[in-house]
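Enquirer: One structure, as structure tokens, below. Some questions next.
The values are calculated or read from the model by the stated rules, or taken from the named source; none is laboratory data. Because the structure is a prediction, the values reported are computed rather than measured. Every residue, glycine among them, receives a Cβ derived from its backbone with ideal geometry; neighbour counts consider all protein chains shown. Ligands, DNA and RNA are stripped out before the accessible areas are found, and what is left, the full protein with its side chains, is counted by its heavy atoms. Shrake-Rupley method; radii C 1.70, N 1.55, O 1.52, S 1.80 Å.
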Amino acid sequence: MRVAEMKIIQRLRGVAAVELAILLVPLVIMTFGMTELGRAFYYYNSLLKSTRDASRYLSMQSRGEGEAQARCLAVHGEAVCGGEALVPGMTTGMVQIAYETGVETGHGAIDLVRVTVTGFPFSSFVPLVVTDMVFGPIASTMRQGSS
């Protein structure tokens, strides 16, 4: 190889390194953003499933019975409180239970039970990319069985 050809190859290698340096920053930001948003969706889905389990549990109980167990079920995944929460930062104080009686349908009146999680704070590992946020109300409603 001639000296001129070697200089051109070295220059091209330098350009590739500069291009990589320029593109690396947005790629890293996008990667962290996608992983953090994925984690937020995972937490949201876990909270939704836990409210569904708690409302299913209460739908089989008489009105006003089993509320403490339902709160534990929503937070810990078990009817007895203890151990780690299903989602870090979740507490039983975030779980609200509401009943609705005599909801008219086309086939008569039914009773409903609604379990709602409000005020869940999502803490981002990378707050410069995805900021900390508080989820809106996450609720599940089910028909309460006759008692």
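Enquirer: If you count only protein heavy atoms and use a 1.4 Å probe, how large is the accessible surface of Arg71, to the nearest 10 Å²?
Expert: Estimated to the nearest 10 Å², Arg71 gives 70 Å².
Enquirer: Here's something else I'd like to know. So, with a 1.4 angstrom probe, what is the percent of accessible area on the chain that is carbon and sulfur? Write out the running numbers ahead of the final one.
Expert: Working: 6000 of 9610 Å².
Carbon-and-sulfur percentage of accessible area, whole number: 62.
Enquirer: Bin by bin, in steps of 5 Å, what percent of the Cα pairs in the chain do you find, going until the bin that has the longest distance?
Expert: All Cα pairs, binned at 5 Å, distribute as 2, 9, 14, 14, 11, 9, 7, 6, 5, 4, 4, 3, 3, 3, 2, 2, 1, 1, 0 percent.
Enquirer: Helix-only mean residue ellipticity at 222 nm, the chain, DSSP H runs n ≥ 4 weighted -39,500 (n - 2.57), per residue, nearest 500. What is it? Please report the intermediate quantities before stating the final value.
Expert: Details: 2 runs with 67 residues, N = 147.
Mean residue ellipticity at 222 nm (helix-derived): -16500 deg cm²/dmol.
Enquirer: Tell me the relative contact order for the chain as a rounded percent, counting alpha carbon contacts under 8 Å between residues six or more apart.
Expert: So the answer I get is 23 percent.
Enquirer: Taking 0.36 nm per intervening residue step and subtracting the Cα-Cα distance, what contour gain separates Val28 from Ile110 on full extension?
Expert: Details: separation 82, 0.36 × 82 = 29.52 nm, distance 5.25 nm.
Stretched out fully, the Val28 to Ile110 stretch lengthens by 24.3 nm.
Enquirer: What angle, in degrees between 0 and 90 and rounded to the nearest 10, separates the Cα long axis of helix 3-59 from the longest principal axis of the Cα atoms of the chain?
Expert: Compared with the principal axis, the helix lies near 0 degrees.
Enquirer: Ok, one more. Work out the FRET efficiency for Glu65 and Val103 from their Cβ-Cβ distance, taking R0 = 22 Å, and round it to the nearest 0.05.
Expert: Numbers: r = 20 Å, r/R0 = 0.91.
So, using R0 = 22 Å, E works out to roughly 0.65.
Enquirer: Roughly how much of Cys72 is accessible, in Å² to the nearest 10, using a 1.4 Å probe?
Expert: Ignoring ligands and nucleic acids, Cys72 comes out at about 10 Å².
Enquirer: Would you mind computing, in nm to one decimal, how far apart the modelled labels at Phe125 and Thr92 are, each placed 7 Å from Cα along Cα→Cβ?
Expert: Once both label points are built, they end up 3.1 nm from each other.
Enquirer: Still on this structure, please answer the following. Ignoring ligands, DNA and RNA, what accessible area per residue does the range 1-140 give at 1.4 Å, in Å²?
Expert: Numbers: 9050 Å² over 140 residues.
Spelled out: the 1.4 Å probe surface of the range 1-140, per residue, equals 65 Å².
Enquirer: Express in nm, to one decimal, how much length is gained between Cys81 and Arg39 on full extension, taking 0.36 nm for each residue of separation and deducting their alpha carbon distance. Kindly include the intermediate steps, with their values, before the conclusion.
Expert: Details: separation 42, 0.36 × 42 = 15.12 nm, distance 2.46 nm.
Extra length from Cys81 to Arg39 when fully extended: 12.7 nm.
Enquirer: How high is the relative contact order of the range 77-147, given as a whole-number percent (alpha carbon pairs under 8 Å, six or more residues apart)? Please report the intermediate quantities before stating the final value.
Expert: Working: 97 pairs, mean separation 18.3, N = 71.
Averaging sequence separation for qualifying contacts and normalising by length gives 26 percent for the range 77-147.
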